[in-house]
1. Any residue in region 183-190 that is without any contact (Cβ under 8 Å) to a residue 40 or more places away in the chain and buried (at least 19 other Cβ atoms within 10 Å of the Cβ)?
2. In region 35-68, what residues are outside any helix (DSSP H, G or I) and either surrounded by 19 or more Cβ atoms within 10 Å (Cβ to Cβ) or on the phi < 0 side of the Ramachandran plot (or both)?
3. Restricting attention to region 119-131, which residues are touching a residue at least 60 places away in the same chain (Cβ under 8 Å) and loosely packed, with under 14 Cβ neighbours inside 10 Å?
4. Would you mind finding the one in P104, P112 that is within 27 Å of A53 (Cα to Cα) and touching a helix residue (DSSP H, G or I) at 6+ places or on another chain (Cβ under 8 Å)?
5. If you take the residues in region 119-152 that are of a type in the set (F, W, Y) and in a loop (DSSP other than H, G, I, E, B), which one is modelled with the highest pLDDT?
6. Got a number for residues in region 157-172 being within 18 Å of the chain's Cα centre (by Cα) and surrounded by fewer than 22 Cβ atoms within 10 Å (Cβ to Cβ)?
7. Taking the residues in region 84-112 that are touching a strand residue (DSSP E or B) at 6+ places or on another chain (Cβ under 7 Å) and of a type in the set (D, E) as candidates, determine which candidate is farthest from S205 (Cα to Cα).
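The values are calculated or read from the model by the stated rules, or taken from the named source; none is laboratory data. Predicted model, so just to flag it, every value in this text is computed and none were measured. Here the Cβ positions follow ideal geometry from the backbone for every residue, glycine too, while neighbour counts run over all protein chains shown.
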Amino acid sequence: MRTLRGERLRMAREKRFKSARLAAQAMGIAVSTYGAHERAETPGGRDYGPDEARKYARRFGVTPEWLLTGREPFPEGDEPPPPKVPVLGYVGAGGTAHFYDVPPSHLDEITPPIGIAENAAAVEIRGDSLGPFFNRWYVFYDDVRRQVTPDLIGQLCVVGLADGRILIKQIQRGASEGLYTLYSATEKPIPDVPIEWAARVNVISRSSDRE
């Protein structure tokens, strides 16, 4: 018997969450959007695409192919696969982050260390930009860009500057209000620069996928 995409999404979600609301909140998705996806291919519903299917599949322990096509058997196991996070780019000389200009569905994904949040992302370290021991390790960080708040002072962060540079540096207060000095282990400090946004680094680690 053929099932609809929305029905398959609901079946998968019920393996992990009692309600669509709880699932949406856990994934940081608007409840109305997720609810419409569970009604996909029916009046009043909204279809979801490959990017959403990949996210839902990781969370619910099924495959994107099954959600989108129904051609594979419904997975019966209770244990979901390990969560993955996207590799958005790499860190090069001077702690400068370079992000790939590709659709999300074309990005590599890796298994993060235990305890990393659902909204995390990663960038690969190339060379000795963050120290001589971290070549081909990964920086896992909260993929939420926000203004600098007191809790980020003294923390290693991904920071966006007004001149367009994106760096991975420790944030310290600068000489005056609204300015900050950026530190790293391998470069001279960058004094008194405004920061447009910052995202806290959670951990620098190898990925078990690449060992």
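1. Yes, that holds for at least one residue.
2. E38, R39, A40, T42, P43, G45, R46, D47, Y48, G49, V62, T63
3. Matches in region 119-131: N119 only.
4. Only one candidate qualifies: P104.
5. Across region 119-152, the extreme among qualifying residues is W137.
6. Qualifying residue count for the region: 3.
7. Of everything passing the filter in region 84-112, D108 is farthest from S205 (Cα to Cα).
Table: residues versus (1) closer than 27 Å to L107 by Cβ; (2) among the hydrophobic types (A, V, I, L, M, F, W, C).
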site: M11; (1), (2): no, yes
site: A26; (1), (2): yes, yes
site: I29; (1), (2): yes, yes
site: Y34; (1), (2): yes, no
